Amino acid sequence: MKKLLVLTGISGAIAVILGAFGAHALSEHLNDSQLNTYDIASKYHFYHTLAILGTALLYANTNKRYIKWAGYAFGVGIILFYGSLYLLACKDMLQLGGWTKIIGPVTPIGGLFFIIGWILLILSQIKN
């Protein structure tokens, strides 16, 4: 549980920092589409941070390994999915150029980790 709570704290802090940065510093540097992508990434980043917190609390009460692994899957999903969205939204500003060919395919892999996390939560209740 301790590792999941630390992951929650780190992810939550990063979500707030990146959200504030996007709201206050990026509006003059990104177009509307890029700002929308960044905003969506920021919101859903925080939602999945809350999902990690939920898995930590569930794990503390049940100690089922599927719940712990769901939390870790959410953490990997945050890094891959939202990390890639943040980078893609800021690609012009960061001058990423050809890197977008590598970053773009990472997004659905992150989404797959979210799906795995949710399935692991289901399994935690089906398997005893």
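The values are calculated or read from the model by the stated rules, or taken from the named source; none is laboratory data. Everything quoted here is computed from the prediction, not taken from an experiment. Cβ coordinates were reconstructed from backbone atoms using ideal geometry, including for glycine residues, and neighbour counts include every protein chain displayed. The accessibility values were calculated without ligands, DNA or RNA, using every heavy atom of the protein model including side chains. Shrake-Rupley method; radii C 1.70, N 1.55, O 1.52, S 1.80 Å.
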State, as an integer percentage, the relative contact order of the range 8-75 based on alpha-carbon contacts under 8 Å between residues 6 or more apart. 35
Relative to the longest principal axis of the chain, what angle (0 to 90°, nearest 10) does the C-alpha long axis of helix 2-25 take? 20
Carbon and sulfur: what percent of the chain's accessible surface (1.4 Å probe)? 68
Most to least packed among 86-98, 45-57 [average Cβ atoms within 10 Å]: 45-57, 86-98
Sorted largest first, the Cα spans of the chain on the principal axes come out in Å as 51, 27, 19
Helix-only [θ]222 nm of the chain, DSSP H runs n ≥ 4, -39500 (n - 2.57) each, per residue, nearest 500: -26500 deg cm²/dmol
Averaged per residue, the 1.4 Å probe accessible area of the range 23-128, protein heavy atoms only, in Å², is roughly 59
If one takes the longest principal axis of the Cα atoms in the chain, at what angle in degrees, from 0 to 90 and to the nearest 10, does the Cα axis of helix 65-77 lie? 0
